[in-house]
Structure formats: C-alpha cells, structure tokens
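The values are calculated or read from the model by the stated rules, or taken from the named source; none is laboratory data. All of these numbers come straight from a predicted model, not from anything done at the bench. Neighbour counts are summed over all protein chains in view; Cβ atoms, including those assigned to glycine, are modelled from backbone coordinates with ideal geometry. The protein model used for the area step is the full one, side chains on, heavy atoms only, and it has no ligands, DNA or RNA in it. Shrake-Rupley method; radii C 1.70, N 1.55, O 1.52, S 1.80 Å.
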Amino acid sequence: MCKITYRIALIIFCLLYSTLVIQAQNDSLKADSHLYTLSNSKVSPDGKWVLIGKTYVDQRDKPQLLYINTQTKKKINLTYLKGIHQNLLFNDLVAGRDNEVLKVVDLKSEPSILTFENIRKYDTKASNNRNLLITLQENSTLSIKEIKSNVQSIKTTLSIDQVHNYFLNPAKTRLVYQLADENNTIGVINLNDYKNSSLTTLNGFIEKIYLYSYFY
C-alpha cells in the first residue's frame with residue numbers, strides 16, 4: 001500500500017513540476033493563463049491506475065479527467081465518461097456513460113470499448129476474479145454480467161424480465177429487485193453465488209431485507 005501511495009504522490013509531483021517548468025520558460029501572460037490545478041484523485045481497486053481531475057485556472061479550456069497508470073505513467077483522457085469515479089474496476093477496466101450510452105472501456109495497450117444502449121440504470125462491482133456489470137434496460141430486463149480479464153470475456157450470468165427497479169446493499173453482496181407484476185414480487189440475489197430468492201408479498205419487511213443484506 002505504501003508503494004502505491006508513493007507512486008501516486010510521485011505522479012502528482014511530476015505533473016505539478018512540469019507545469020512550473022513551462023511557466024518558468026515563458027514569461028508571457030498567455031503562459032500564466034494556462035496554470036491548472038489537480039484534484040479528485042481516486043485509485044483503482046488493484047492500485048494500477050489513479051484518476052485525477054485537471055482544471056485550468058483561467059477556465060478557457062475545459063476540465064479534464066485523466067486516468068494515469070501508476071507504473072508506466074501512461075495517461076488516458078476519460079473526460080467524456082460520466083460517473084466513472086464509482087466504476088473503476090480490476091484488469092484495466094472502467095465504466096461510465098457517454099451521453100446516453102453506457103460504455104465499458106478496456107485500457108490495455110489497444111483500448112477497446114463495449115457499448116450498451118437503452119440502459120435505464122446500472123452499477124458495477126469490482127472483483128479481482130470477476131468484475132460485475134449490472135444493468136436495467138428500458139424494456140425492464142435486469143442483467144448481471146461478468147467481465148474477467150478483458151471486454152471480450154463478458155458473459156451474462158443472470159437475466160430477469162419485468163423488473164421495475166433494483167438496489168444494492170452498500171457492500172454490494174446482495175441485490176434486491178421488485179417485479180412489475182400484480183403481486184409486486186420482491187427478489188433477493190446473492191451476488192457471490194447468484195442464488196435468487198423470491199417473496200410474494202412485502203409485508204413491510206423490505207427494510208429488514210436491506211439491513212440483512214447490508215451485514216451478510
């Protein structure tokens with residue numbers, strides 16, 4: 001962990017130092033107007049990448065969101081992806097929305113992108129062995145997909161129709177969903193083994209289901 005923290009600090013120092021060098025080499029006001037600040041750093045689950053926001057002082061240039069490899073110092077501009085902070089995954093993968101399109105980006109030497117349209121809601125779960133992509137489509141289909149080493153390895157492990165909505169517990173170990181049927185059926189999915197348990201009536205216990213899934 002100390003090595004990862006040191007690498008992140010070194011990357012930020014190098015970026016700040018390069019800015020000072022540029023300013024020192026050019027005394028014009030135009031150069032001064034391109035000073036920038038770095039913020040909102042977040043490390044990927046495996047420590048291979050750090051996400052940094054870059055904001056220009058004069059605001060003439062748009063802010064950037066840079067994903068920097070802590071080992072190779074490779075920088076990738078991911079400004080176009082929204083919601084990326086909550087969707088940093090293992091194996092050089094990230095997810096976010098580009099306008100209305102959900103994209104899963106593989107950042108290896110030859111970046112490739114998976115796209116999903118008509119997605120009403122989505123979540124991800126970062127895992128060393130299997131990243132999870134959870135989507136609820138506009139046609140009310142809930143899908144859970146596994147993504148292992150790259151985007152080509154994606155496979156659907158569970159799909160349920162007629163889902164009105166869903167939510168995850170904070171630990172992302174349980175998914176609770178509600179069907180759009182006459183009984184308003186409630187289901188609970190264990191995201192470790194995909195076991196699916198259904199309830200035919202609420203009986204006021206939806207909060208208890210959530211609390212149970214929080215701790216187990």
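Computed values, structure above
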{"quantity": "Extreme residue, farthest from Arg120 (Cα to Cα), among residues of segment 91-102 that are modelled with pLDDT of 95 or more and surrounded by fewer than 20 Cβ atoms within 10 Å (Cβ to Cβ)", "calculated": "Asp98"}
{"quantity": "Single condition Lys121 does not satisfy, out of (1) surrounded by 13 or more Cβ atoms within 10 Å (Cβ to Cβ); (2) touching a Phe, Trp or Tyr at 6+ places or on another chain (Cβ under 7 Å)", "calculated": "(2)"}
{"quantity": "Residues (at pLDDT below 95, under 22 Å from Tyr80 (Cβ atoms) and open to solvent by less than 40 Å² (accessible area, probe 1.4 Å)) located in segment 132-169", "calculated": "Ile147, Val151"}
{"quantity": "Qualifying residue in segment 190-203 (condition: in a strand (DSSP E or B) and open to solvent by less than 40 Å² (accessible area, probe 1.4 Å))", "calculated": "yes"}
{"quantity": "Members of segment 36-88 that are part of a loop (DSSP other than H, G, I, E, B), of a type outside the set (S, T, N, Q) and over 17 Å from Lys103 (Cβ atoms)", "calculated": "Pro45, Asp46, Gly47, Lys48, Val57, Asp58, Arg60, Asp61, Lys62, Pro63, Lys73, Lys74"}
{"quantity": "Per-region count, segment 112-148, residues in a strand (DSSP E or B) and without any contact (Cβ under 8 Å) to a residue 24 or more places away in the chain", "calculated": "8"}
